[in-house]
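Heads up: the structure comes next, in structure tokens.
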Amino acid sequence: MFVAPSVLALSFDNFNEELQAVNNNAKYLHFDVMDGHFVPNLSFGPDILKQIRRNSSLFMDVHLMVSDPLYFSDIFAQAGADGITFHYEAYNDINKCIEVIDHIHSLYLKAGISINPDTKPEEIEALLPYVDLVLVMSVQPGFGGQAFKEESYDKLKYFRNLKSSRRYNYLIEVDGGVSDRNARDLVIAGADILVAGSYVFKGDIESNIKSLTMKK
């Protein structure tokens, strides 16, 4: 199991110190991209990823919350992404999603698919043989301060069971409301990667990351 600290919560006033703490204690760094269209908010552009890439050898886990993942995948591949995950809801079309997945793979990157809380996991079943990662959003994307949605556990179990029964190779990631209170249950349900933002960066980063990985 891995923790992927979210850059959204990193303080740019203490950029070097916080990034170094993450470098020393994590293997993934989660980078949220919002276009102001697919979700109402805007976030980071490729220049920020380039800056982080120059100062980190972590796996850059780029999460595209955008309406045109095909366009943005090229931009963030060039900026230093190692993996790019996009939303099924950007297209609601299996064939179009496979086109984007194939394109991401052609860039020699890992490709992931994400679903919003209101999307049933069965809707992306046909995509599972093609992806390297499935991201379950346990809050609505693009908004902070939301409560964790309990139905996310069932989605994690669904993807875990299909992965096991059909011998798929994807990792399962969960994003939204992750803390030491639910980390163990999320892993039991099937999560391989826990995305955590404010929980990791508020207080001692090393201790907070370790608290998510400790067995209770």
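Points to keep in mind about this one:
- Here the 3J(HN,Hα) profile of region 51-63, calculated from phi with Karplus coefficients 6.51, -1.76 and 1.60 at θ = phi - 60°, is 5, 5, 4, 5, 10, 8, 9, 5, 5, 8, 9, 8, 10 Hz, Gly and Pro shown as x.
- Amide H to amide H, with H built 1.01 Å from N, residue 87 comes under 5 Å of 66, 114, counting only residues 5 or more places away or on other chains.
- Between the amide H of residue 4 and those of 194, 195, 196, distances stay under 5 Å, these residues lying 5 or more places away or on another chain, with hydrogens modeled in the peptide plane.
- Inter-label distance, nm, simple model (7 Å from Cα along the C-beta direction), residue 122/residue 92: 1.8
- Coordinate range along principal axes, alpha carbons of region 45-203, Å, largest first: 42, 36, 26
- Selection from 30, 94, 187, by position along the positive dipole direction of the chain (Cβ): 187
- Over the chain: helical MRE at 222 nm, DSSP H runs n ≥ 4 each giving -39500 (n - 2.57), nearest 500: -10500 deg cm²/dmol
- For region 93-127 versus region 181-203, the gap between their alpha-carbon centres in whole angstrom: 23
- Two-site FRET efficiency, residue 55 against residue 27, from Cβ-Cβ distance with R₀ of 25 Å, rounded to 0.05: 0.95
- Using θ = phi - 60° in the Karplus curve 6.51 cos²θ - 1.76 cosθ + 1.60, the 3J(HN,Hα) couplings for region 183-195 round to 4, 4, 5, 5, 5, 4, 5, x, 5, 9, 10, 9, 8 Hz; x is entered for Gly and Pro.
FYI, it's all coordinate maths here, none of it is from the lab. Keep in mind the model is a prediction, meaning the values are calculated, not measured. Cβ: placed from backbone, ideal geometry, glycine included. Neighbour counts: every protein chain shown.
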